[in-house]
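Asker: There's a structure below that I have some questions on.
The values are calculated or read from the model by the stated rules, or taken from the named source; none is laboratory data. Please read these numbers as outputs of a predicted model, since none were measured by experiment. In this analysis, Cβ positions are derived from the backbone assuming ideal geometry, glycine residues included, and neighbour counts consider all displayed protein chains. Just the protein is used for accessible areas: all its heavy atoms, side chains included, with ligands, DNA and RNA removed. Shrake-Rupley method; radii C 1.70, N 1.55, O 1.52, S 1.80 Å.
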Amino acid sequence: MAKKRVGFIGAGIMGRPMAHNLLNAGYPLTVHNRTKSKARDLLSQGAVWAASPADVAANSDVVITCVTDTPDVRAVLLGQNGVIEKARPGLICVDMSTISPSATIEMGDILQAKGITLIDAPISGGEIGAIEGKLSIMMGGPKEAVEEVRPIMDA
């Protein structure tokens, strides 16, 4: 069975090593970051660059976001050129940012109206945990969607 196409938005301290782990596990990866140069090493390892979060969604079965705070997640998922603009029904979004629970519920409802599932998946373990692939990931969302992305999270 072919691995799901994964999109990753946010190549910062936590996101970049998590994205490397996905590439190392053989996942086809499309990446986007506000500053393209921060994703350069991912691109040299085989990731494909997307010009916007919307373009990440267009090329992915699962989109992972790992950005700074609630307004950034909202912009990436729902804003202009956001995931919602090019996402197909059935897309699963996994937000690994630590943000407002009420905002997560609100964004999940908006995405669900378009047939997109949002999983809330904050992480613990710091940069070393991300590098070593030993993060604690606390996933909340529909059981079927959580199980569908579990192999990706295991990587």
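Asker: So how far, in whole Å, is the C-alpha centre of region 2-24 from the one of region 42-105?
Answerer: Each part reduced to its Cα centre gives a spacing of 12 Å.
Asker: Excluding GLY26 itself, calculate the net charge of residues whose Cβ lies under 14 Å from the Cβ of GLY26, where each Lys or Arg counts +1 and each Asp or Glu counts -1.
Answerer: In short, +2.
Asker: Share of the chain's accessible area from carbon and sulfur, percent, 1.4 Å?
Answerer: Exposed carbon and sulfur together represent 53 percent of the surface.
Asker: Same structure, new question: Where a ≥ b ≥ c are the square roots of the eigenvalues of the C-alpha gyration tensor, would you call region 6-155 rounded, which needs a/c under 1.5, or, failing that, prolate if a/b is larger than b/c, or oblate?
Answerer: It comes out rounded by the Cα gyration axes.
Asker: GLU127 accessible area, nearest 10 Å², 1.4 Å probe?
Answerer: The accessible area of GLU127 comes to roughly 100 Å².
Asker: Give the relative contact order (percent, whole number) for region 1-49; include only Cα pairs under 8 Å separated by 6+ residues.
Answerer: Result for region 1-49 is 39 percent.
Asker: Sort ASP41, ASP154 from largest to smallest accessible area, using a 1.4 Å probe on the heavy atoms of the protein chains.
Answerer: Ranked list, largest accessible area first: ASP154, ASP41.
Asker: Using the C-alpha atoms of region 1-72, what convex hull volume per residue, in cubic angstrom, is computed?
Answerer: Taking the convex hull of the Cα positions in region 1-72, it is 81 Å³ per residue.
Asker: If ligands, DNA and RNA are left out, what is the accessible area of THR30 with a 1.4 Å probe, given in Å² to the nearest 10?
Answerer: It works out to around 10 Å².
Asker: Okay, moving on. Report the relative contact order of the chain, percent, no decimals, based on alpha-carbon pairs under 8 angstrom and at least 6 residues apart.
Answerer: After rounding, I find 21 percent.
Asker: Name the residues whose placed amide hydrogens come within less than 5 Å of the amide hydrogen of ALA11, ignoring near sequence neighbours (fewer than 5 apart) on the same chain.
Answerer: Amide H to amide H, under 5 Å and 5 or more residues apart or across chains, ALA11 pairs with ARG34.
Asker: For region 2-19, take each phi angle, set θ = phi - 60°, evaluate the Karplus expression 6.51 cos²θ - 1.76 cosθ + 1.60, and give the result in whole Hz per residue in order, putting x for glycine and proline.
Answerer: Each residue of region 2-19 in turn: 5, 6, 5, 7, 10, x, 10, 10, x, 9, x, 4, 8, x, 4, x, 5, 5 Hz.
Asker: Could you provide, to the nearest whole Å², the per residue accessible area of the chain with probe 1.4 Å?
Answerer: The answer is 48 Å² per residue.
Asker: Before rounding to the nearest 500, sum -39500 (n - 2.57) across all DSSP H runs of length at least 4 in the chain and divide by the residue total; then give [θ] at 222 nm in deg cm²/dmol.
Answerer: Using -39500 (n - 2.57) per qualifying helix, the result is -11500 deg cm²/dmol.
Asker: So, one more: Where in region 112-155 are there trypsin sites (Lys or Arg not before Pro) that are in a DSSP coil and have at most 11 other Cβ atoms within 10 angstrom of their Cβ?
Answerer: For trypsin sites (Lys or Arg not before Pro) across region 112-155 that sit outside H, G, I, E and B with at most 11 neighbouring Cβ atoms in 10 Å, the list reads LYS134.
Asker: Kindly write out, for region 120-134 in residue order, the coupling ³J(HN,Hα) from the Karplus curve 6.51 cos²θ - 1.76 cosθ + 1.60 (θ = phi - 60°), rounded to whole Hz, with x marking Gly and Pro.
Answerer: Values, residue by residue: 8, 9, x, 10, 9, x, x, 4, 4, x, 5, 4, 7, x, 10 Hz.
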